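Step one of this worksheet: look at the structure below.
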Amino acid sequence: MKRLALAGLVLTAGTAPILAADLPQAPAPAYEAVPATQQSIDWTGYYLGTNLGWAFGDFDNRTNGSASLGTSDNGVAGGVYTGYNFQVTPNVVLGAEADFTLTDLERSRTNGGLTLKSSSDWNSNLRARLGYSFDRYLIYTAGGLALADLEVSGNGDKDSKTALGWTLGAGGEAAITNNISARMEYVYQDFGSQDFNLNGTGVSSDFSNSQIRFGLGYKF
């Protein structure tokens with residue numbers, strides 16, 4: 001009997017894997033691949049916008065007699081801008097931009113018997129931009145050439161010129177829709193020393209200008 005029981009146990013153990021293989025198998029669970037994060041906006045394209053802000057102008061004036069007539073003024077500034085962006089990678093954005101801004105900077109100072117009035121009515125920039133995007137948000141720095149109207153008057157005369165200088169600034173931009181974006185930026189302009197003649201009195205003026213401005217643009 002013991003031999004028969006042992007033989008039956010061996011036979012059962014040998015056939016168990018075969019019987020298990022014949023049983024229906026539960027299917028392995030299926031998992032869907034997680035999609036990669038996609039950019040919801042492409043910054044590439046032409047754009048046009050308008051801005052409004054505040055300008056701070058510094059006129060560092062000296063006469064040929066070394067009299068200091070430096071002054072400063074601030075006021076509302078507003079204008080338009082246009083440019084083109086190219087999204088080089090999902091995060092790096094290169095671009096070029098031009099803008100034109102109207103200002104009302106004007107202030108007078110008297111020293112050494114001479115009253116000198118300095119003013120600047122407009123300025124403009126031609127800048128290259130380098131930005132880093134976080135999908136619908138963009139931070140950037142920009143720099144290039146600057147132009148400005150500069151006029152001084154006094155001693156019964158006035159003289160004006162279009163000054164050439166440099167500009168540097170930085171800002172941030174957010175895409176409200178795929179075509180409309182809002183921005184805030186700081187812009188600095190420096191025009192160096194400009195020379196004027198007021199009825200024989202030479203005036204040297206170092207003009208610099210800072211602007212904080214908000215803009216709203218449309219990308220085509």
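The values are calculated or read from the model by the stated rules, or taken from the named source; none is laboratory data. Keep in mind it's a predicted model, so treat the numbers as computed, not measured. Counting neighbours? That spans all protein chains shown, and the Cβs are built from the backbone with ideal geometry, glycine included.
For region 178-208: of the residues being among the hydroxyl-bearing types (Ser, Thr, Tyr) and either at pLDDT 95 or above or under 22 Å from residue 57 (Cα atoms) (or both), which is surrounded by the most Cβ atoms within 10 Å (Cβ to Cβ)? So that I can check it myself, show each step before the final result.
Here is the first cut: in region 178-208, the ones among the hydroxyl-bearing types (Ser, Thr, Tyr) are 181, 186, 188, 193, 201, 204-205, 208.
If we keep only those that are either at pLDDT 95 or above or under 22 Å from residue 57 (Cα atoms) (or both) as well, we get 181, 186, 188, 193, 204-205, 208.
Details: 181: 22, 186: 13, 188: 16, 193: 11, 204: 14, 205: 24, 208: 18.
Step by step, filter region 178-208, then rank; the result is 205.
Looking at 115, 167, 89, 110, can you tell me which residue is in contact with a strand residue (DSSP E or B) (Cβ under 8 Å, 6 or more places away or on another chain) and under 30 Å from residue 180 (Cα atoms)?
Working: 115 fails: under 30 Å from residue 180 (Cα atoms); 89 fails: in contact with a strand residue (DSSP E or B) (Cβ under 8 Å, 6 or more places away or on another chain); 110 fails: under 30 Å from residue 180 (Cα atoms).
Checking each option against the conditions leaves just 167.
Keeping to region 193-211, report how many residues are closer than 16 Å to residue 72 by Cα and in contact with a Gly (Cβ under 6 Å, 6 or more places away or on another chain).
Going through region 193-211 one residue at a time, the tally reaches 2.
Whether any residue in region 101-114 is farther than 16 Å from residue 73 by Cβ, crowded, with 20+ Cβ neighbours inside 10 Å and out of contact with any helix residue (DSSP H, G or I) (no Cβ under 8 Å at 6 or more places or on another chain) is what I want to check.
At the first step, the residues of region 101-114 found to be farther than 16 Å from residue 73 by Cβ are 111-114.
Narrowing the set further to residues that are crowded, with 20+ Cβ neighbours inside 10 Å leaves none.
No; the residues of region 101-114 include none that is farther than 16 Å from residue 73 by Cβ, crowded, with 20+ Cβ neighbours inside 10 Å and out of contact with any helix residue (DSSP H, G or I) (no Cβ under 8 Å at 6 or more places or on another chain).
Kindly indicate whether any position in region 57-79 is outside any strand (DSSP E or B), of a type in the set (S, T, N, Q) and touching a residue at least 24 places away in the same chain (Cβ under 8 Å). Give the steps one after another, and end with the answer.
Of the residues in region 57-79, the ones outside any strand (DSSP E or B) are 64-67, 69-70.
Checking which are of a type in the set (S, T, N, Q) leaves us with 64, 66.
From what's left, touching a residue at least 24 places away in the same chain (Cβ under 8 Å): 64.
Scanning region 57-79, I find at least one residue that is outside any strand (DSSP E or B), of a type in the set (S, T, N, Q) and touching a residue at least 24 places away in the same chain (Cβ under 8 Å), so the answer is yes.
Tell me the residue from 165, 217 that is touching a residue at least 60 places away in the same chain (Cβ under 8 Å) and surrounded by 14 or more Cβ atoms within 10 Å (Cβ to Cβ), please.
Numbers: 165 fails: touching a residue at least 60 places away in the same chain (Cβ under 8 Å).
After ruling out the rest, the residue left standing is 217.
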